[in-house]
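A.B. asks: This structure is in C-alpha cells; I'll ask about it shortly.
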Amino acid sequence: MGTWNRVISRADGQRVVVAFGAMYISLALGWTLLEIGNGTHPWDVVVDSLLIAGPGFVLLYSGHRLPRFGILPEFHDSIAGWCLGGFGVMFGVLTLYSLQPGELVNDPSTILILTALASVAGLAVGINDAVAKTRARELEQRNRELKGTQSELEETVARLEEANARLETSNERLEHAQEYTNRVLDAVHDIFYVLETDGALQRWNESLREVTGYTDAEIASMNAPEFIADDDRGMIDDAMAEGFETGSLQFEAKLLTKAGERIPYEFAASALETPDGEPVLAGIGRDVSERKAHERELEARAHQQQVVADLGQLALETDDLDELMHEASRQVAAVLDNDYCKVLDLDAGREELLLRQGVGWADGLVGEETISAVEADSQAAYTLASDRPVVVEDLETETRFSGPDLLRSHDVRSGISTIIGPVSEPWGILGTHDTEPETFSEEDVNFVQSVANVLAEAIERQQYQTELEALIADLEQSNERLEQFAYAASHDLQEPLRMVSSYLRLLERRYEDALDEEGEEFLAYAVDGADRMREMIDGLLAYSRVETRGDELEPVDLEGVLDDVLADLQLQLEESDAEVTVGSLPRVEGDASQLRQVFQNLLSNAIEYSGDEPPRIHVSAERDGSYWTVSVADEGIGIAPDDQEQIFDVFQRLHSREKHAGAGIGLALCERIIERHGGEIWVDSEPGEGSIFSFTVPAVTTGLDDRVSDDSETIQ
Ligand code: ADP
C-alpha cells in the first residue's frame, strides 16, 4: 500500500484521476470505432460507449474540479487511491467471477463499463473520505489554534494578574504617600489650600480648621473670600484672577475666623493643573501678626525718634521756650496716645512747680496752675526725688502716691513723668498722663526721657545764651567806655603835649646859645620824646576811632586803593629803590579809607624792614569762599616765630627806635580795621626769608565780576 501511495503521490492524485477519466473516454471512443467497424448495431455501440465514456467524463471532470471541493491537496492522492481501488476491486471481482467454471465475462464493454463505474464509485468514496479527512484536519488545526489562543489567553491573564498585583501594591503605596502628604500638610503650622477657579477650596490642611474654627464640611461649602475680612475682601478676587493668569499669587490680608477674629496673613500660591486638567492655585497662608506687630513697633520707635529729632531741630531754631514746650507736650501726648502732657517749671525755692505748658488740661490752667514740689503724696514731688522716670500703670492701685490734685481732678489713671535737667539740679518735670490704666514699654519711657533731655538742653542753652548776651552787653559797654577813654585821653593829651612841644622848640630856638652841649643834648631828648609821644597819641587816637569813626562798608576797588597808597609812598619807594609787583586785585566790601590805612602800614613796613637789599614787594589776592585773602609779601628781614603774634599788639616793636623808626601801632591798627571788616590778619615769616602779611576781607555780594583786571603790574 505504501509503495502504491508513493507511486500515486509522485504522479499527483489529481492527475491520476484526470488521466483515468481521459483513459475511459479514449477507450469509449476506441470501442465505438471498433464496434462500428465490426458492424454492431449503432444503438448498442452508442449505449456501451456512453456507459464507458460517462464515468470517464465524471472522473475527468471531478479530477479537474478536485481543488474546488475544499479538500486539502494532500488528500488528492488518497482520492486517486480510492478511485483506483474501486477499479481494482471491480477488476478483482470480475476476475474472481471469471474463475467460476462456466462463468466468464468476456464482453470487454461490460468490463470497461463496470470498472469505470467502480472507479467512479471509488472516486466518490475517496472524495467523501478526503472531505472527512480535510474537515478532521481543519478541526485539528482549529483545535491547535484554539489551544494556542488559550495559552496566550492564559499568559495574558497571568500577566494581568501580575499587573493587578503590582497595581494594588502601588495603590497601597499611593495611599500611604497620600496619607503621609496629608500628615505633613497637617503638621505644617501654615495654612495649606488648593483653590479652584470659582474660589472653592479643593484641599486644605488642619491649620485652616484650627485657625478659622470651621469644620471640614463648613470649609467645603465656603469660598475663599469668605475667609477674608471685609475690608480686604475686595482684593482677593483680583489676586486670584492674577494668580491664575500669571501663575503665582501673593498678597497680605486679614484672615477672618469663625469667631470674628481678624488675623493678618500673608498668602502665596502657584497655579497648577489637576490630573483632570483643571487649573487650581495651591499655596500657603502664613500668620504675620508677630511680624506686623514688630513692624508697628519699629514704626512707632522710628516715629518717636523722628519726633525727638524734630523737637531737637525746633529747639535749635526757636528762641521761644514756651513754643518748644508746647510742641513737646503735644507730640508726646500724640505719640503715646495720651490725653494729657505737661511741662512743670520748678521755682527757685524748689517749693512749687508751675504748669508752664501742656495739652489736654482744663482751660485756664496752663501758665497758672501750681503744684507743690514737696507734698509727700504727689507724683511730681516723687519724680523730683527720683533719679529715673516714674511710670504709673494705674493711679488707683498706686502705692507710692495718689496725687497731686491736678491729676485726680482730670481722672488721670496712668502716665510717665521724668525730670527735665540734671537730677541734682532739676529745672522741672515732663509728664504724660492718660485716663485709662496703661502699660508703658521701656521704649516709651526712653522716648519721654529723650524729649525731656531735648527740653533740658534747650533750657540750658537759653540760660547760657542769656548769660552770654549779658556778658557781651557788659563787654560792649566796657569796650565803649575804654574807647571813649582812649579817645578822650589821646585827644585831651594832644593839647598839653602840643604845649610841651612848642615850648620845647621855643626853648631850643631862644636859648640855643645859652645851653652847653649837655643841655642841648637833654633838650634834643625832650623834643624827641615829645615827638614820639605825639606819634603814639596820634596812633592811639586813630586806633580808638576805628569802630566809631569808620565809614559804612561798601564795594571798594582794592586796585584803586592800592594805587593811591603807592602814589603816597612814591618818594619812599624811589629812595629805597623798591620794586612793587601787583597781581589782580578784587573789589571787596569795605571801608576804603581804612583799607588804604592797612595797605599804607603794610607797605611802609615792607619797605622799612627790607634789610640791606632794595625792597621787593608783591601784592596779590586769592578768593576763599565769600572772602578774599589779600597778601603783601616782602623779601625783607623776616620775623621770628615767637614774635609773630605780639607784633599785632599796641606799641609792640621788635627793634629799637635808633634802628627803625615807628610807634608800634601800625599792625595793631591794621588788625583792628580788619576785625571791623569781619576778617583776620596774620603773618607767615621766617627770619631772613621775608614776610607775607595776609588779611581777609568780605567779597562783594552783588554777583558782578569783582575782579578788576587780571594783569599783574610792576611799579618802581
Ligand atoms: P612799627 O611802627 O614799629 O613799624 P608796627 O605795628 O607796624 O609798628 O610793627 C610792629 C613790629 O613788627 C615792627 O616794629 C617790626 O619789628 C615788625 N614788622 C612789621 N612789619 C614787618 C616786616 N614787613 N618785616 C619784618 N618785621 C616787621
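The values are calculated or read from the model by the stated rules, or taken from the named source; none is laboratory data. Values in this document were obtained by computation on a predicted structure and should not be read as measured data. All Cβ positions, even for glycine, are placed from backbone atoms using ideal geometry, and neighbour counts span all protein chains on display. Calculation scope for accessible area: heavy atoms of the full protein, side chains included, ligands and nucleic acids excluded. Shrake-Rupley method; radii C 1.70, N 1.55, O 1.52, S 1.80 Å.
A.B. asks: Please compute the per residue accessible area over the chain with all protein chains in place, 1.4 Å probe, rounded to a whole number of Å².
C.D. replies: Details: 40810 Å² over 716 residues.
That works out to 57 Å² for each residue.
A.B. asks: Sticking with this structure for a sec: Using 1/(1 + (r/R0)^6) with R0 = 22 angstrom and r between the beta carbons of residue 396 and residue 334, what's the FRET efficiency to the nearest 0.05? Don't jump to the answer; show the numbers that get you there.
C.D. replies: Numbers: r = 25 Å, r/R0 = 1.15.
For residue 396 and residue 334, the calculated efficiency is 0.30.
A.B. asks: Take the alpha-carbon positions of the stretch 339-380, form their convex hull, and give its projected area averaged over all directions (one quarter of the hull surface) in nm².
C.D. replies: Values: hull surface 12.0 nm².
For the stretch 339-380, the mean projected area of the Cα convex hull comes to 3.0 nm².
A.B. asks: What span do the alpha-carbon atoms of the stretch 269-309 cover on each of the three principal axes, reported in whole Å from largest to smallest?
C.D. replies: 62, 16, 6
A.B. asks: If you roll a 1.4 angstrom probe over the protein chains with everything in place, what fraction of the accessible area of the stretch 432-511 belongs to carbon and sulfur, to the nearest %? Before the final figure, lay out the partial values.
C.D. replies: Values: 3010 of 5460 Å².
Heavy-atom surface of the stretch 432-511 belonging to carbon and sulfur, 1.4 Å probe: 55 percent.
A.B. asks: Take residue 175 and residue 194, extend 7 Å from each Cα along the Cα→Cβ direction, and tell me the distance between the two endpoints in nm.
C.D. replies: Here the answer is 1.9 nm between the modelled labels.
A.B. asks: Which whole-Hz ³J(HN,Hα) couplings does the stretch 430-440 yield from phi under the Karplus relation 6.51 cos²θ - 1.76 cosθ + 1.60, θ = phi - 60°, glycine and proline marked x?
C.D. replies: 10, x, 10, 9, 9, 7, 9, x, 8, 9, 9
A.B. asks: Measuring from a point 7 Å past the Cα of residue 44 along Cα-to-C-beta, which residues in the stretch 92-109 have an amide N at less than 18 Å?
C.D. replies: 104-109
A.B. asks: The stretch 449-565: Rg/Rh from Cα coordinates, Kirkwood Rh?
C.D. replies: Details: Rg = 26.1 Å, Rh = 19.5 Å.
For the stretch 449-565, the value is 1.34.
A.B. asks: Looking at the stretch 240-314, what % of the alpha carbon pairs are farther apart than 14 Å? Don't skip to the answer; put the middle values down first.
C.D. replies: Values: 1992 of 2775 pairs.
Across the stretch 240-314, Cα pairs with separations above 14 Å total 72 percent.
A.B. asks: At 0.36 nm per residue, and after removing the present C-alpha to C-alpha distance, how many nm does the segment from residue 289 to residue 409 gain when stretched out fully?
C.D. replies: Extra length from residue 289 to residue 409 when fully extended: 39.3 nm.
A.B. asks: Let me ask another. Quick check: from the Cα gyration tensor, does the stretch 138-227 come out rounded (a/c under 1.5), prolate or oblate?
C.D. replies: On the way: a/c = 6.89, a/b = 3.38, b/c = 2.04.
Here the stretch 138-227 falls in the prolate category.
A.B. asks: With a Förster radius of 45 Å, plug the Cβ-Cβ distance of residue 183 and residue 233 into 1/(1 + (r/R0)^6) and report the FRET value to the nearest 0.05.
C.D. replies: On the way: r = 32 Å, r/R0 = 0.72.
With a Förster radius of 45 Å, E is 0.90.
A.B. asks: Could I have the simple spin-label model distance between residue 502 and residue 103, label points 7 Å from Cα toward Cβ, reported in nm to one decimal?
C.D. replies: Each label point is offset 7 Å from its Cα along the Cβ direction, giving 22.1 nm.
A.B. asks: While we're on this one: With charges only on Cβ, +1 for K and R and -1 for D and E, what is the dipole size of the stretch 158-207 about its Cα centre, in debye, rounded to 20?
C.D. replies: Values: 5 positive and 11 negative charges, 34 e Å.
Roughly 160 debye, rounded to the nearest 20.
A.B. asks: Expressed as a whole percentage, what fraction of the accessible surface of the stretch 522-632 belongs to carbon and sulfur atoms when a 1.4 Å probe is rolled over the protein heavy atoms? Each step should come with its number before you reach the end.
C.D. replies: Details: 2330 of 5230 Å².
Of all accessible area on the stretch 522-632, carbon and sulfur atoms account for 44 percent.
A.B. asks: On each of the three principal axes of the Cα atoms of the stretch 203-249, give max minus min coordinate, whole Å, ordered largest first.
C.D. replies: Taking the Cα atoms of the stretch 203-249, the three principal extents are 31, 24, 17 Å.
A.B. asks: If I model a spin label at residue 439 and residue 652 as a point 7 Å from the Cα along the Cα→Cβ vector, what separation in nanometres do I get?
C.D. replies: Inter-label distance under the simple model: 7.0 nm.
A.B. asks: Just to confirm the filter: which trypsin sites (Lys or Arg not before Pro) across the stretch 173-261 are DSSP coil and have at most 15 other Cβ within 10 angstrom of their Cβ? The partial results should precede the final answer.
C.D. replies: Numbers: sites: 173, 183, 203, 209, 233, 254, 258; in loops: 258.
Passing both the DSSP loop test and the Cβ count: 258.
A.B. asks: Computing the accessible area with a 1.4 Å probe over protein heavy atoms, can you report the carbon and sulfur percentage for the stretch 147-202? Before the final figure, lay out the partial values.
C.D. replies: Working: 2310 of 4330 Å².
Of the solvent-accessible surface of the stretch 147-202, carbon and sulfur hold 53 percent.
A.B. asks: List, in order, the whole-Hz ³J(HN,Hα) value for each residue of the stretch 227-244 obtained from phi through the Karplus relation with A = 6.51, B = -1.76, C = 1.60 and θ = phi - 60°; use x for Gly and Pro.
C.D. replies: Computed from phi, the couplings for the stretch 227-244 are 8, 10, 4, 3, 5, 9, 5, x, 7, 5, 4, 4, 4, 5, 4, 5, x, 5 Hz.
A.B. asks: Let me ask another. Hey, if you put +1 on the Cβ of every Lys and Arg and -1 on every Asp and Glu Cβ in the chain, which of 28, 55, 96 ends up farthest toward the positive end of that dipole?
C.D. replies: Farthest along the dipole direction, towards plus: 96.
A.B. asks: At 0.36 nm per residue, minus the direct Cα-Cα distance, what do residue 162 and residue 215 gain on full extension? Give it in nm, one decimal, please. Working shown, then result.
C.D. replies: On the way: separation 53, 0.36 × 53 = 19.08 nm, distance 4.22 nm.
Going from the current span to full extension adds 14.9 nm.
A.B. asks: Determine the calculated [θ] at 222 nm for the chain from helices alone, applying -39500 (n - 2.57) to every DSSP H run no shorter than 4 residues and normalising by the residue count; nearest 500 deg cm²/dmol. If you can, show how the numbers build up before the last one.
C.D. replies: Working: 18 runs with 395 residues, N = 716.
Per the formula, -19000 deg cm²/dmol.
A.B. asks: Additional query: Beyond 25 Å, what share of the Cα-Cα pairs of the stretch 273-400 remains, rounded to the nearest whole percent? Can you show the working numbers first?
C.D. replies: Details: 3837 of 8128 pairs.
Counting pairs separated by more than 25 Å, the tail of P(r) holds 47 percent.
A.B. asks: Show the residues, 5+ positions off or on another chain, whose built amide H is closer than 5 Å to the amide H of residue 288.
C.D. replies: 265, 266
A.B. asks: Applying 1/(1 + (r/R0)^6) with R0 = 41 Å to the Cβ-Cβ distance of residue 516 and residue 645, what FRET efficiency is obtained, to the nearest 0.05?
C.D. replies: Step by step, r from the Cβ atoms, then E = 0.30.
A.B. asks: Among 76-84, 438-446, 281-289, what's the highest-first ranking by average C-beta atoms within 10 angstrom per residue? Intermediate results must be reported in sequence, preceding the final value.
C.D. replies: Working: 76-84: 25.6, 438-446: 15.0, 281-289: 18.4.
The peptides rank, most packed first, as 76-84, 281-289, 438-446.
A.B. asks: Another question about this same structure. Once you keep just the Cα pairs under 8 angstrom separated by 6 or more residues, what percentage relative contact order results for the chain? List each step's numbers first, then the result.
C.D. replies: Working: 1083 pairs, mean separation 41.8, N = 716.
Taking the mean separation of contacting Cα pairs over the length of the chain, I get 6 percent.
A.B. asks: Okay, moving on. Report the Stokes-Einstein translational diffusion coefficient (µm² s⁻¹, integer) for the chain, Rh taken as the Kirkwood radius over Cα pairs, at 4 °C with viscosity 1.567 mPa s. Intermediate results must be reported in sequence, preceding the final value.
C.D. replies: On the way: Rh = 42.5 Å.
D, rounded to a whole number, is 30 µm²/s.
A.B. asks: If you average the alpha carbon positions of the stretch 378-400 and of the stretch 223-301, how far apart do those two centres end up, in angstrom?
C.D. replies: Result: 46 Å between the Cα centres.
A.B. asks: How long is the gain from residue 495 to residue 567 if the chain were fully straight, where each residue apart is worth 0.36 nm and the alpha carbon distance is subtracted? Write out the running numbers ahead of the final one.
C.D. replies: Working: separation 72, 0.36 × 72 = 25.92 nm, distance 3.17 nm.
Gain on extension, residue 495 to residue 567, equals 22.7 nm.
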